[in-house]
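I have placed the structure first, in the form of structure tokens, so that the comments after it can refer back to it.
The values are calculated or read from the model by the stated rules, or taken from the named source; none is laboratory data. This structure is a prediction, so every number in the text was calculated from the model and none was measured. Methodologically, a virtual Cβ is constructed for each residue, glycine included, from the backbone with ideal geometry; neighbour enumeration extends over all protein chains shown. Accessible surface is based on the protein model in full, side chains and every heavy atom, while ligands, DNA and RNA are left aside. Shrake-Rupley method; radii C 1.70, N 1.55, O 1.52, S 1.80 Å.
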Amino acid sequence: MATNQDLDFTYTSIDKIFRLSFGEMADYSGARFDGDFSMTVEEGQRKKHQFIAESLYIKKDSKVLDMACGWGPFLNYLKQIEAKGIGVTLSKGQAAACVKNGLKVEIKDCRTITPDMFGKFDAVTCIGGLEHFCSVEEYKAGKQDEVYSNFFKTVSNLLPPKGRFYMQTMVFTKTTPSIDKMTVDADKNSVEYALALMIKQFPGSWLPYSEDQVIKNAAPYMKLISKSSGRLDYIQTIKCWRKKFRKFNLYKYLLYASLIPKYLFNKEFRHQVAIFRISPNKICFESETMDHYRLVFEKI
């Protein structure tokens, strides 16, 4: 799994730039437009949050665990509907921002949470977190299924019978090239190059191979209630994000400028921040090298 250090690079290092671009508790995961791209990204994110709450039967006073909670957008939604949300993240920057904004968040590894830590929950969510649960090394060692199976066992133990779990995750597809072809030396217009940049951007992380792999590993503990692809919605989300990242703000652009020395003299760092120049995720979604799924499960 991605470590604290891995996730601190990806999320803590862009913490201030993110919040200056999107707001204090904005959602850094795919929104839900359902084909209506006239909606703002904020409207799309709220529609997603409403869908999650309805699918998991979350109501006033429901106790909900938000795994990999990010900057707390869903926790903030739970607060608005008077549910009781608790979030966990491995990013120190995200956790500090959440606490500052009045949300209950702790720095913890999702894989190690047990009922004796917080008790049991009426519902559990993991919005984008699964993407970080298996490392490249674990994938190469043939442990990917084991990682996911153990995770679903953990979630199951936190829920009552028929308790529900929502997750969304990017996945590889049948057209994804093999890992040995994912290199920054590949053609700069190729998906191989885009995927190599993603590996640099998200150290310690490797995606599942299709939603079927996820569903298969959940099956001993949970049955699938619904699934839908959010690939096109994620493409639209990224388009909206890129406009916000580029929108002028003096302090934000000073932060960008502060990265220039490291950008000039550190080749690895140039690969890692290439997301400000191109969008590897968008390239992979558009080429259908990656897909994105929203999954609702119920404990058996």
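Return only the number of the condition from (1) open to solvent by less than 30 Å² (accessible area, probe 1.4 Å); (2) of a type outside the set (V, I, T); (3) more than 18 Å from the chain's Cα centre (by Cα); (4) closer than 23 Å to K16 by Cβ that S258 does not satisfy.
For S258, the failing item is (1).
Going through I58, I81, I86 one at a time, which residue ends up being surrounded by 17 or more Cβ atoms within 10 Å (Cβ to Cβ), over 19 Å from the mean Cα position of the chain (by Cα) and β-branched (V, I, T)?
I58
State all residues of segment 113-143 that are of a type in the set (D, E, K, R) and open to solvent by less than 50 Å² (accessible area, probe 1.4 Å); if no residue qualifies, say none. Don't jump to the end; show me each part of the working.
Of segment 113-143, the ones of a type in the set (D, E, K, R) are 116, 120, 122, 131, 137-138, 140, 143.
Residues satisfying the conditions are E131, E138.
Suppose we keep only residues that are out of contact with any Lys or Arg (no Cβ under 9 Å at 6 or more places or on another chain) and at pLDDT 95 or above within segment 109-125. Which one would you say is nearest to K60 (Cα to Cα)? Explain how you work it out, then say what you get.
Step one: list which residues in segment 109-125 are out of contact with any Lys or Arg (no Cβ under 9 Å at 6 or more places or on another chain), which gives 109-116, 125.
Adding the requirement that they be at pLDDT 95 or above leaves 113-116, 125.
Working: I113: 24, T114: 24, P115: 22, D116: 24, T125: 17 Å.
Looking at the filtered set, the residue picked out is T125.
Do you know which residues across segment 126-166 are among the β-branched types (V, I, T) and at pLDDT 95 or above?
So in segment 126-166, the residues among the β-branched types (V, I, T) come out as 127, 136, 147, 154-155.
If the condition is that a residue be among the β-branched types (V, I, T) and at pLDDT 95 or above, then I127, V147, T154, V155 are the ones that fit.
Restricting to segment 191-200, give me the number of residues that are modelled with pLDDT of 95 or more and over 21 Å from the mean Cα position of the chain (by Cα).
Matching residues across segment 191-200 total 1.
Any residue in segment 153-182 that is open to solvent by 50 Å² or more (accessible area, probe 1.4 Å) sitting within a Cβ distance under 8 Å of a residue that is part of a strand (DSSP E or B) and at pLDDT 95 or above? List the pairs, counting only those 6 or more apart or interchain.
Within 8 Å, the pairs are P161/K299; K162/E298; K162/K299.
Would you check which residues across segment 102-112 are under 20 Å from F22 (Cα atoms) and open to solvent by 40 Å² or more (accessible area, probe 1.4 Å) and list them?
Within segment 102-112, G102 is the sole residue that qualifies.
Out of the helices (runs of 4 or more DSSP H) lying entirely within segment 193-300, which hold 1 or more residues that are in contact with a Leu (Cβ under 7 Å, 6 or more places away or on another chain), aliphatic (A, V, I, L, M) and under 30 Å from P161 (Cα atoms)? Don't jump to the end; show me each part of the working.
On the way: elements: 210-218, 231-246, 250-258, 260-265, 267-272, 280-286.
Fully inside segment 193-300 and qualifying: 210-218.
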